[in-house]
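Worksheet for the structure shown next.
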Amino acid sequence: RRVHGDQSPAQRLPVYGLMESQRRVVVVVCFSACLLVLTMSVYFRIDSADDISLQLSDSDSASQWALHPAEPYASQNLTSDFNNVEERVNSSTVTLITATVTVKCDSNCMETLRENKPVAHTVAFRFLGLSDHMVLASAPKRNHIFGIAPAGSNVSLVMDRSEDIYITQANASGVWHVLLAPLECGGPHSFTAFNGDIAIELLDVLIGDVFLCSGQSNMELPVSHDYDGQKALQAADQMSHIRLLRVPVVAREEPLEEISAAWQVANKHTVKDFSAVCYFFASTLYNNSTNPSPVGLIAAAMGGSPIQPWQSPETVAECKEPDIDPRFLDSDDYRNSRYYNGMIYPLQRLTLTGIVWYQGESNDHQPDRYDCLFPSLIRQWRIRFRDSTLPFVFVQLAAFNQPINPWPPIRASQMRALTVDRTAMASAIDLGDLQYDVPIHPRFKQELGRRVAIAMQYLLTNSTYDTLFSGHGPVPSVSIQSEPPCLGVTVPLVAQLSWRAIKNGSELQLRPTRDCDVCCKAGPFEFTVNGHDWKYISIFNISGPSVSLTLPVTETDESVQVRYAWENYPQCLVYDSRMALPVPPFSLTVVRTSRR
């Protein structure tokens, strides 16, 4: 039986009908061995950061204990100590009373732990930031389990009916912490934590991949608004291996330690209002995998938000960002770090597999500022989630014909973020939606989800990936090789685009987008001499994987530039035939070669 009351699912307590005297006997039997060991004279021998062992002065009468290297957690402050767990482990100061240990427990001990736990507690005992139906990251990653208990009290944690028991102690702030050993994909599993005479459970927990999806309205747009949304909802009942967590929109001046939300199993009801990009990305990733893993999705997005409220205080300092963009003076929520504090910071205890980001529309007026803010956000979020190589996929803005400011510069700024290691871009340049009432929110999120999945899979599986091709179409190298013109006269100059990451058997194809059938007459390429008067290139040739552009220039034309799809709403694009991905917009400088 369970007592629900005002408690969350993670706080449900098993109740068994025993007399008070019986309960006392059970408690004594259950914890007497642990208390005996904890009161013995003990000392540590630390040979290295990877070899931490515990020796008991009375080893003949005690079970064998083993400390995981990264598990000790002695804290007066949750945030500062959590950020320095690894550093403390490498030091030589570890005390038994605050260390997490793993013990072997025989069947009788297990039954005692799992059964006959009376409900009698004066201080809240619960998990922190966890709930039923959640997904934990699979091996080789390791997961942190946090909770609240009376300060100084002992807590033990067991997974399913395993004989391995983690034992730790709540710190002075009442926070307890366990670092689990690596877990293999699968489930469902359960976790039971014990504190004194009370037990709490996490049920229906899967082990797989965990992704954070964040940004503004195009990340927030739900599945029900997608062009093929209704069809996707009918199939959602078969997606119970996908779990969803919607982070409430909270703007905070100071960091928030925990969100008020619970994980849900994917079905047509829960998927309906969930992020379409995030969900379609996950379903594609799962369906296309030869060895699919359960997927946990965390959606933390807010429509209309610029990047500034999502950045950490460290990014604010690095980029010397003012407290608020003058464009948003009427919204305190858009001040620096407000959504970071209320929606990202509370998730820090989770272990992630990757991050997906779709944002930039509200920063179209400051592409130069975005050059600092966006790469810094990537780096700082990785620090917050304790993974310097965490895969980060972002979406390049879709075609849109009504921007306040031109969108090619902000798209170019996004693309420059590919210089950050372990990033990938999914271009939505051809996914505009002129027929929709709100064209800034194109409905073709299922196709975009496919591209995000290609990008994420590329980062997850390729150790020698190409930063210029990771889920978007191929782009040319940073310059164009060309032949020089004849002296003093205007002659046709043939510029050969040097492409990277064209797969074997793939070809480049020129074709219009879905909004126009006759939009490729002029072509998508332009050129300029000395930075003035951009003109369309009327003569170009696309053959297999190569593109040749014919430019009218003279010997005195020192600076020649070429650009492609440099419009708010381009309707003629080059595609990689094999991957069905568009070449994203680019602007390049011609580098001349000489036959002399």
Quiz item: Which order do T270, T419 take by accessible area at a 1.4 Å probe, largest first?
Solution: T419, T270
Quiz prompt | Pairwise label distance in nanometres, D533 with S388, each label 7 Å out on the Cα-Cβ vector | solution = 5.2
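Strictly over 19 Å apart at the Cα level, which of K141/K272; K231/K268; K272/K445 would you flag in this model?
On the way: K141/K272 31 Å; K231/K268 10 Å; K272/K445 14 Å.
Flagged as over cut-off: K141/K272.
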Exercise. Hey, could you get me the Stokes-Einstein D for the stretch 330-468, Kirkwood radius over alpha-carbon pairs, 10 °C and 1.306 mPa s, rounded to whole µm² s⁻¹?
Key: 98
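Computed FRET efficiency, Cβ-Cβ of S548 and C516, R0 25 Å: what is it to the nearest 0.05? Mind showing how you got there, number by number?
Values: r = 25 Å, r/R0 = 0.99.
Rounded to the nearest 0.05, the efficiency is 0.50.
Just the number, please: carbon plus sulfur as a percent of the accessible area of the stretch 213-360, 1.4 Å probe, no ligands or DNA/RNA counted. Before the final figure, lay out each step's value.
On the way: 2590 of 5580 Å².
Carbon and sulfur atoms account for 47 percent of the accessible area of the stretch 213-360.
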Quiz prompt | the stretch 131-148 versus the stretch 406-462: alpha-carbon centroid distance in Å | solution = 29
Quiz item: Label Q496 and S190 with points 7 Å out from Cα along Cα→Cβ: what is the distance between them in nm?
Solution: 6.8
Self-check item: P(r) weight above 16 Å for the stretch 293-373, C-alpha pairs, percent
Solution: 54
Quiz item: Label points 7 Å out from Cα along the Cβ direction at A262 and E163: separation in nm?
Solution: 3.5
Quiz prompt | Cβ crowding within 10 Å averaged over residues, with 342-353, 312-323 ranked highest first | solution = 342-353, 312-323
Practice problem: Taking H placed 1.01 Å from N in the peptide plane, check which residues at least 5 places from Q169 or on another chain put their amide H under 5 Å from its amide H. | Solution: V155, H177
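The values are calculated or read from the model by the stated rules, or taken from the named source; none is laboratory data. This is a predicted model, so every value here is computed, not measured. Here the Cβ is made from the backbone with ideal geometry for all residues, glycine too, and neighbour counts use every protein chain on show. Quick note on the areas: whole protein, heavy atoms, side chains included, nothing else; ligands and nucleic acids left out. Shrake-Rupley method; radii C 1.70, N 1.55, O 1.52, S 1.80 Å.
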